[in-house]
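Novice: Supplied in structure tokens, the structure appears directly below.
The values are calculated or read from the model by the stated rules, or taken from the named source; none is laboratory data. Please read these numbers as outputs of a predicted model, since none were measured by experiment. Cβ sites come from the backbone with ideal geometry, for glycine too, and all protein chains shown count toward neighbours. Each accessible area value is taken on the protein alone, full model and side chains, heavy atoms only, with ligands, DNA and RNA left out. Shrake-Rupley method; radii C 1.70, N 1.55, O 1.52, S 1.80 Å.
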Amino acid sequence: MTAETSEMRRGWPMVLTASVGVGTGRTALFIYSTGVVTKSLQEEFGWGRGDVQSMIAVATVGVLLASPIVGQLMNRLRLRPLIMVSTVAIGLTFALIGPLTNSLWTFYGLAFVCSVVGSGTLPVTWSRAIFDWFSVQRGLALGLALMGSGLASFFMPSYAAWLLTNFGWRDVYIGIGLLPLVLSLPLSYFFLKPPPDKIAAAVKREAQSGIMLREAVRGYRFWVIGFSFFLASFATGGIVAHLVPMMTDRGYDLSTAAWIAGAQGLAVIAGRGFTGYLLDKIWAPGLAAVVIVLPIVSCLVLAGGVQSMPVMLVSVILVGFAAGAEFDMVAYLTSRYFGLKYFGSLYGVLYAFYVSASGFAPGLFGKAFDATHNYTLILNVSAAALVLGGVLVLTLGR
């Protein structure tokens, strides 16, 4: 039995658990449901599209405040209790957003609290769990685990649209809030365990090397990784959050729009699996540059107001493929350039770069739409950001 076969055979329950955890964690719940309920909230409360989508930005502030703390806890505590407590907390608080929202401020406040208490379900914690189990096949295992967000982006819009059509927007939050409690929590209880002694010893030896955050910030590579993926995340995060409104603006009904938006979920899965496999075999920054610039095509197509469904599907697939690969690459590059010894702290800060862009982008996209009544300007800005991000990441070197 080869080392690769042995790793995957013993570690597949951890990959499955991490995949479900990512797909029902904080990031997926907010990003893949908000677009579906945006117009319903506009109609009920008279809010602008930017007002509704800015809820993601408020939730992101909660993540930015909590993620460094989570990173420190990852370095000091066991992952299992941290993740399980946070899973229960985010499921319950997300379910309360619908019933308790009666103003824009309660909407924002509930999102903030939910995001803070749910920070233990961020992909950063699941990535650390994967790294504890895998060394030789780390890129592939990480890609497979983070496919959970792709499954969520395929399933969540249609599920949310079904809840909205049959019950109303408040019940969308209840129905989605049940997912981490029903799916992720049981798997975490049974399978989120430390690796066998032999694997743990190998990872422990690797984890002895690495540089601290204060050393990393003195070098250019830390900032290159942070800013290149900040730019990429801004573009893909804004587009993903607004796919359903973009489709309904073009005359598609809600269920069709949700189906088209869900198609990017399959692309996320493909992006994560394909790039995860390649990360172990080729120069990662070169692969990252290619992935980052792919959605430029999507920006130009969507900005042009194209209504053809095949063209729209291709554009959505390119965005999903890039979105699926980007996050994996941040985690992978962090572990390879800076080591595992202080991975939690380093990745917590770099994750803040990434998540701040994807968190604030939906609100900015919405504000741009409210001001211009279309997405053309913000999509052109996003295309330029992708070009810059792709060039930046190539400067990482060996």
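Novice: Report, by residue number, each residue of region 358-374 that is at pLDDT 85 or above and either touching a Pro at 6+ places or on another chain (Cβ under 9 Å) or open to solvent by less than 10 Å² (accessible area, probe 1.4 Å) (or both).
Specialist: ALA361, PRO362, GLY363, PHE365, GLY366, PHE369
Novice: Right, next: Under 9 Å between Cβ atoms, at least 6 apart or on separate chains: pull out the pairs that start in region 103-119 with a residue that is touching a residue at least 40 places away in the same chain (Cβ under 8 Å) and end on any residue that is assigned to a helix (DSSP H, G or I) and acidic (Asp, Glu).
Specialist: Every condition considered, the pairs that remain are LEU104/ASP51; PHE107/ASP51.
Novice: Shifting gears a bit: Hand me the list of helices (runs of 4 or more DSSP H) wholly inside region 81-196 holding 3 or more residues that are at pLDDT below 90, in contact with a helix residue (DSSP H, G or I) (Cβ under 7 Å, 6 or more places away or on another chain) and open to solvent by less than 10 Å² (accessible area, probe 1.4 Å).
Specialist: On the way: elements: 104-117, 123-133, 138-145, 147-166, 169-179, 185-191.
Those helices (runs of 4 or more DSSP H) span 123-133, 138-145, 147-166.
Novice: For region 311-340, give me the residue count where each residue is small (Gly, Ala, Ser), in contact with a helix residue (DSSP H, G or I) (Cβ under 7 Å, 6 or more places away or on another chain) and either open to solvent by 10 Å² or more (accessible area, probe 1.4 Å) or assigned to a loop (DSSP other than H, G, I, E, B) (or both). Walk me through it before giving the result.
Specialist: Here is the first cut: in region 311-340, the ones small (Gly, Ala, Ser) are 315, 320, 322-325, 331, 335, 339.
Cutting the leftovers down to in contact with a helix residue (DSSP H, G or I) (Cβ under 7 Å, 6 or more places away or on another chain) gives us 315, 320, 322-325, 331, 335.
Adding the requirement that they be either open to solvent by 10 Å² or more (accessible area, probe 1.4 Å) or assigned to a loop (DSSP other than H, G, I, E, B) (or both) leaves 323.
So the count comes out to 1.
Novice: So for region 228-235 (the condition being open to solvent by 10 Å² or more (accessible area, probe 1.4 Å), assigned to a helix (DSSP H, G or I) and out of contact with any Phe, Trp or Tyr (no Cβ under 9 Å at 6 or more places or on another chain)), does at least one residue qualify?
Specialist: Of region 228-235, the ones open to solvent by 10 Å² or more (accessible area, probe 1.4 Å) are 230-231, 234.
Cutting the leftovers down to assigned to a helix (DSSP H, G or I) gives us 230-231, 234.
Narrowing further to those that are out of contact with any Phe, Trp or Tyr (no Cβ under 9 Å at 6 or more places or on another chain): 231.
Within region 228-235, one or more residues are open to solvent by 10 Å² or more (accessible area, probe 1.4 Å), assigned to a helix (DSSP H, G or I) and out of contact with any Phe, Trp or Tyr (no Cβ under 9 Å at 6 or more places or on another chain).
Novice: For region 18-68, name all the residues that are farther than 15 Å from ILE90 by Cβ, of a type in the set (D, E, K, R) and open to solvent by less than 20 Å² (accessible area, probe 1.4 Å).
Specialist: Within region 18-68, ARG49 is the sole residue that qualifies.
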